[in-house]
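Since the structure comes first, as structure tokens, the remarks are kept for the end.
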Amino acid sequence: MTYPLIKFGDVVRQVKDKVDPQESGLEHYVAGEHMDTDNLHIRRWGDIGDGYLGPAFHMRFKPGQVLYGSRRTYLRKVAVAEFEGITANTTYVIEPKDPEVLLPDFLPFVMQTDSFNEHSIKQSKGSVNPYINFSDIAWYEFPLPPVDEQRRIADLLWAADNALQEYERLKQENKKLRDSARKHFFTFGTENAKTKDSKIGKLPVSWELKSLGEAFEFLDNMRIPLKDSERNKRKGDYPYYGAVGIIDHIDDYIFDETTLLLEEDGMNLLLRSSPVVFKAVGKYWVNNHAHVLRPNENTVTDFYMEYLEYISYEPYVTGTYQKKITKSDCMAIPVVYPPLNEQKEIVEKFSEIHQAEVSINNHIQATKQLKKELLSSMLGG
């Protein structure tokens, strides 16, 4: 069915309710970083009074109103307020002019369509920090169904959104379970064993403490440089691993065995002190910004995948701008070394948590795809 095209500004208004944050009696503010891409829910916020907000934070929003990030609109930041608070004037507060013409529950999905996002990006100004004026989106045209049809469509899309939020909640619960399991097993083993003190804390009396260089053989100096012809096909037949942010680094090498790859440097270490840990199986490419670790005879790779994501690397990260973990520092990292059978048993414990994580992620992707298809079929994009 074809519905009449309506200009966005004919049915929507920008709310400009200016207040003084300190005198408003409100508790929370929402900045751009508190809003997530393609997520209608605000899960993070700041507390008014904890620090200087700046003169831009003077726009009041109320529950049910839509917040829209007008800077870098390609990030698709559209959220529905669930509490009253303050935001900056670069986050537009939007609501229907007449709720009996455009349902408030329908509005956020209009703003999540690909056509609205494409229009917003196309009309944005600036290059470093592109922005859009409200007048630029006011003339965006979209098909507006009758109110009853809006309600039916909104109910379906909110049901998909609710399912997605539930899967995200389950994902966080599964992560908490994994964190709790790591803390328990890496302290008490599989049988709540008696513990002994070590320089990294308590560990079961039957476990040894070794360096990472004793548990694994480092293959950093055994890389086979790629020929020019091989560089061109590295992104094709085999997986590629390397430090985050420098995937296209020219120094690439080929391996053909199961190893662990521990990020040496890159964008990830600029943001936090923990490197990314990969498990590589078979033939793969790797650049020289990741340490290559071959497990020794009594080392179970999957056990150390869990353990190396559990420990802190802060004492071993060096540098200011380009943070890194050198080979010598990496090899010196102390790690627990349980008996072989216990390493395997702990891996089995974690496999159940991992399978649940895979299942939840599959549901999340399927639900996102369903919501996207519903948006496309019901709202034309």
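The values are calculated or read from the model by the stated rules, or taken from the named source; none is laboratory data. Values in this document were obtained by computation on a predicted structure and should not be read as measured data. Here the Cβ positions follow ideal geometry from the backbone for every residue, glycine too, while neighbour counts run over all protein chains shown.
Structure notes:
- Top-ranked residue in region 54-66 [being of a type in the set (A, V, I, L, M, F, W, C) and surrounded by 18 or more Cβ atoms within 10 Å (Cβ to Cβ); ranked as farthest from residue 14 (Cα to Cα)]: 57
- Under the condition of being in a strand (DSSP E or B) and in contact with a Gly (Cβ under 9 Å, 6 or more places away or on another chain), the residues counted in region 1-45 number 3.
- One residue stands out in region 103-126 among those that are in a loop (DSSP other than H, G, I, E, B) and closer than 13 Å to residue 65 by Cβ: the one that is farthest from the chain's Cα centre (by Cα), namely 104.
- Any hit, region 126-135, residues being aromatic (Phe, Trp, Tyr), under 18 Å from residue 7 (Cβ atoms) and surrounded by fewer than 21 Cβ atoms within 10 Å (Cβ to Cβ): yes
- Of all residues in region 287-320, those satisfying the criterion of being outside any strand (DSSP E or B), more than 22 Å from the chain's Cα centre (by Cα) and within 18 Å of residue 336 (Cα to Cα) are 296, 297, 298, 299, 300, 301, 302, 303, 304, 315, 316.
- Under the condition of being under 18 Å from residue 221 (Cβ atoms) and modelled with pLDDT of 75 or more, the residues counted in region 264-283 number 2.
- Of the candidates 171, 196, the single residue that is farther than 25 Å from residue 119 by Cα, part of a helix (DSSP H, G or I) and among the charged types (D, E, K, R) is 171.
- Test: residue in region 48-62 that is part of a loop (DSSP other than H, G, I, E, B) and modelled with pLDDT of 95 or more: yes
- Condition check for residue 156: over 25 Å from the mean Cα position of the chain (by Cα) and outside any helix (DSSP H, G or I): no
- Residue 114 among the acidic types (Asp, Glu), at pLDDT below 95 and buried (at least 19 other Cβ atoms within 10 Å of the Cβ): no
- Within region 14-44, tally of residues that are surrounded by 14 or more Cβ atoms within 10 Å (Cβ to Cβ), in contact with a helix residue (DSSP H, G or I) (Cβ under 9 Å, 6 or more places away or on another chain) and over 19 Å from residue 94 (Cα atoms): 0
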